[in-house]
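All of the numbers you see were taken from the coordinates with simple rules; none came from a lab. Keep in mind that what you see is a predicted model, and the values were worked out from it rather than measured. FYI the Cβ positions are ideal-geometry reconstructions off the backbone, even for glycines, and counts take in every protein chain you see.
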Amino acid sequence: MSLKDDPSLWRDEFSPAPTGFNRIAFQKKVDDICGTARGHSIIRVVWGAEEEIPEAAGFTHLGTAVEHKMVGRHRTRVRGVKGKVRKRRFIFEEFQAPEQVPQDDYVRIGGAGGLYVPPSLVEERKFGKWNELYIVADHSKCDPIICNSLEYFCFGDYREPDGSDLAKLGRITARRNADEHLVDPFEPVSQRAVNHFQKLANEETDAKESMESDANEERWADHRKTLKQHTVS
């Protein structure tokens with residue numbers, strides 16, 4: 001079994017994308033389907049083991065990072081391997097504009113509980129971030145029990161992006177464009193969308209409070225019944 005097909009051999013180290021796949025030409029097809037904005041793609045294809053970000057290697061007692069090391073941006077845990085490894089798979093990512101990223105995402109807890117802002121998140125605050133959409137893999141030979149396990153992600157067998165991915169991205173783009181409440185990753189959230197999300201949150205809160213009220217009423221009814229029985233006896 002080759003290195004790219006056996007996740008147990010993966011490590012957190014840089015690994016170039018396999019040769020033979022014309023990523024530039026395929027990206028152009030993706031852009032034709034999914035569109036572009038602000039001068040770059042809305043959805044892009046990357047090789048997981050190439051993407052790197054700086055991570056703090058240590059902290060002072062105030063929580064300030066003393067040095068940084070480069071680690072994989074697409075890391076995960078796989079069965080039988082200690083620590084995280086880089087995903088040796090092609091990955092589709094979707095862009096999220098800076099104004100769409102929650103402000104809480106920019107702060108992490110450093111050493112001794114101090115606040116720490118990773119350099120990668122500083123960049124995201126300025127230029128936006130890329131979120132993993134899905135991983136390209138062939139699952140036709142997978143054991144369904146292992147493939148659907150909640151404990152570890154199944155990476156299947158290696159394959160290059162192809163026409164099936166273009167069709168899938170076309171469906172994703174069509175759903176995004178058809179739903180007026182889905183947030184456009186390149187525009188500030190509209191007041192209409194805010195109102196919609198607030199309405200959903202209120203409905204969820206009302207439903208929860210109603211359930212709690214019904215439960216309390218049932219408990220009081222049982223309590224009154226018990227008191228009545230003791231009084232009669």
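Among 48-54, 156-162, what's the highest-first ranking by average C-beta atoms within 10 angstrom per residue? It would help to have the intermediate numbers written out before the result.
Working: 48-54: 18.9, 156-162: 16.6.
Per-residue Cβ counts within 10 Å, averaged per peptide and sorted highest first, yield 48-54, 156-162.
Once you place label points 7 Å from the Cα toward the Cβ at PHE127 and ASN22, how far apart are they in nm?
About 2.7 nm, to one decimal.
What does the highest-first list of 163-175, 127-139 look like by mean Cβ count within 10 Å?
Details: 163-175: 13.8, 127-139: 15.8.
Output ranking for 163-175, 127-139: 127-139, 163-175.
Compare the peptides 74-84, 35-45 by average per-residue count of other Cβ atoms within 10 angstrom and give them in order, highest first.
Details: 74-84: 14.0, 35-45: 15.8.
Output ranking for 74-84, 35-45: 35-45, 74-84.
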